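Down below is the structure, laid out as structure tokens.
The values are calculated or read from the model by the stated rules, or taken from the named source; none is laboratory data. Quick caveat: nothing in here was measured; it's all calculated off a predicted structure. Using ideal geometry, Cβ is built from the backbone for each residue, glycine included, and neighbour counts are taken over all protein chains shown.
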Amino acid sequence: MKELPVEILDFILKYLFPDTKAIKSCSLVCREWSQLVQRHLFNSLVVGEDEDHDVDRCRRLLELVNESQNLARHFHHVRLLVSFDSPDWLELGRDILPELLSRLPEVRSLKLRSGSVQSAYSQLPDGFRLSLRHMLSSPSFEKLDLWGWVFVSSAKNLVELLQCCQDSLASLGLSLISYDDKSDNSEPPYVKLHKLKEIRFLGAGSFPYYRIFETPNVNTVFWPLHRSNEGHCRSTLVLQGFPDLVPHWKFHMHDGCEGVDIRMCKALQASSFAYIHHLCLAIDCYTSSNFAVHAIAYLRQLLPVAQLDSITIECLVNCDGPHGPDSWDHQHWGLLCDSLIPVFQACAAEYITLIFQVERCEEAGDSIGPHDPSDLENPSPRQPGDTNPQPVEAPVGPEEESDDNWDEDSLQYIYNENVETDTQSVKKQIAETRRMMRSRFDAAGLGEVVQMHTRFLLHDVEW
């Protein structure tokens, strides 16, 4: 066992983290194993999911971090839910979190969410905002997600945040963000994010409608579809180098997309997609297929489909419906298939990937920390690796996965005995759906072009 490479041990431990007994035993084997366990156990800091214990846990964690700088270096991902109406937030935001965050030197990602949409970022305590800027100044910082904030004074606070990580930021998410109207004619502050490769928007109001930052090297964009009841975008998006040269675009289709209207989007028009070559559609396959059919027709008007080199369709199936697995019936899958066939026939892609992604959220009681970090007897019951969930994927490439080629060992990592029935039900349903869609694609002459795969995903509860 001593001759086993550290990388192999590290890989094994990642898959043991849902098993609390196993990880407890591993932490007691030897000093080397204990250090590897700590590397994963302290990989993420989450505050806001367990308000009853946040203060005590963060206070204890601060004590440990002050005692060991090596421990502090393990923290790579931070998620903070700010609830101004919480009785504990004043103590957390003013006293504990500013000091704790300033002690974490190698954070790579931050997700900062307001507990209520349209909270003013300027309401955050000065010390807390200072600690955020200090954390983002780390050369290792790469990913920033902001959700539900209002930025005033020409978004000065947003620019200050981005200036801290302008030399390292690779991914930026702006969800339900709004900005004040600029009341004067002065040039607002802005920052050039020359290393930014990916930008994600959620909600039409999240688009900056005056010059806040430049993104000359962005190559991937996640863009929301506009609904007619949202009204027009406020103006054309003012970002140098965007969106004129972006080759990768991803759109998320959900049941709010049935009223999409190309005329509502003033930020993007058909000319914005002149350089698109790779398209990804993520489709919520939960309620009705009408919205997906409508949204696909909308995109056919908007995009130069003929020049696409690759298309990826992610069909998202919910395994946590109120009455078990929640997915479309045979008729809805057929409507989706029929709406995709004209798109596939019109593009130049050599092969197209269709992924059935079965998602399961963790139980609320299983959410990550901030647990008591000193108690390895009761470590976090989830894999605290990345802020993005890690899927168990089917093989990638032109080799299509057969209906019977399921990795049962991988399924056991995600599903326990309480949901074995759900697993088998979803497995059967997806297999039947794939056979039906394969038949239709073959009839349309797309048999060698469309490749289908299935993957399961243990998904964090988003807040």
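For region 57-110, give me the residue count where each residue is in a loop (DSSP other than H, G, I, E, B), within 17 Å of Ser44 (Cα to Cα) and not aromatic (Phe, Trp, Tyr). Working first, answer last.
Start the filter on region 57-110 by keeping residues that are in a loop (DSSP other than H, G, I, E, B), which leaves 68, 73-76, 83-88, 102-108.
Pick out the ones that are also within 17 Å of Ser44 (Cα to Cα) and you get 68, 73-76, 102-108.
Those left that are additionally not aromatic (Phe, Trp, Tyr): 68, 73-74, 76, 102-108.
Of the residues in that region, 11 qualify.
Answer yes if at least one residue in region 161-172 is under 16 Å from Leu193 (Cα atoms), in the same structural domain as Lys111 (by TED's automatic domain parsing) and part of a strand (DSSP E or B), and no otherwise.
Taking every residue of region 161-172 in turn, at least one turns out to be under 16 Å from Leu193 (Cα atoms), in the same structural domain as Lys111 (by TED's automatic domain parsing) and part of a strand (DSSP E or B).
Would you mind telling me which numbered condition in (1) out of contact with any Cys (no Cβ under 8 Å at 6 or more places or on another chain); (2) at pLDDT below 90; (3) closer than 21 Å to His248 by Cβ Ala155 fails?
Among (1) out of contact with any Cys (no Cβ under 8 Å at 6 or more places or on another chain); (2) at pLDDT below 90; (3) closer than 21 Å to His248 by Cβ, the lone unmet condition for Ala155 is (3).
Tell me, which residue of region 103-136 that is buried (at least 16 other Cβ atoms within 10 Å of the Cβ) and of a type in the set (Ser, Thr, Tyr) is nearest to the chain's Cα centre (by Cα)?
Looking at the filtered set, the residue picked out is Ser109.
Among what's in region 7-36 and is of a type in the set (Val, Ile, Thr) and modelled with pLDDT of 75 or more, pick the residue that is farthest from Asn70 (Cα to Cα).
So, considering only residues that are of a type in the set (Val, Ile, Thr) and modelled with pLDDT of 75 or more, the one farthest from Asn70 (Cα to Cα) is Ile8.
Please work out which residue is modelled with the highest pLDDT, limiting yourself to region 37-56 and to residues that are part of a helix (DSSP H, G or I) and of a type in the set (A, V, I, L, M).
Let us first name the residues in region 37-56 that are part of a helix (DSSP H, G or I), namely 37-41, 54-56.
Narrowing the set further to residues that are of a type in the set (A, V, I, L, M) leaves 37, 41, 55.
Values: Val37: 75, Leu41: 75, Val55: 86.
Per the stated criteria, the residue is Val55.
Mind listing whichever residues of region 78-102 are modelled with pLDDT under 85 and surrounded by fewer than 16 Cβ atoms within 10 Å (Cβ to Cβ)? Full working, then the answer.
Here is the first cut: in region 78-102, the ones modelled with pLDDT under 85 are 84-91.
Matches in region 78-102: Phe84, Asp85, Pro87, Leu90, Glu91.
Answer yes or no: is there a residue in region 134-155 that is outside any loop (DSSP other than H, G, I, E, B) and of a type in the set (S, T, N, Q).
no
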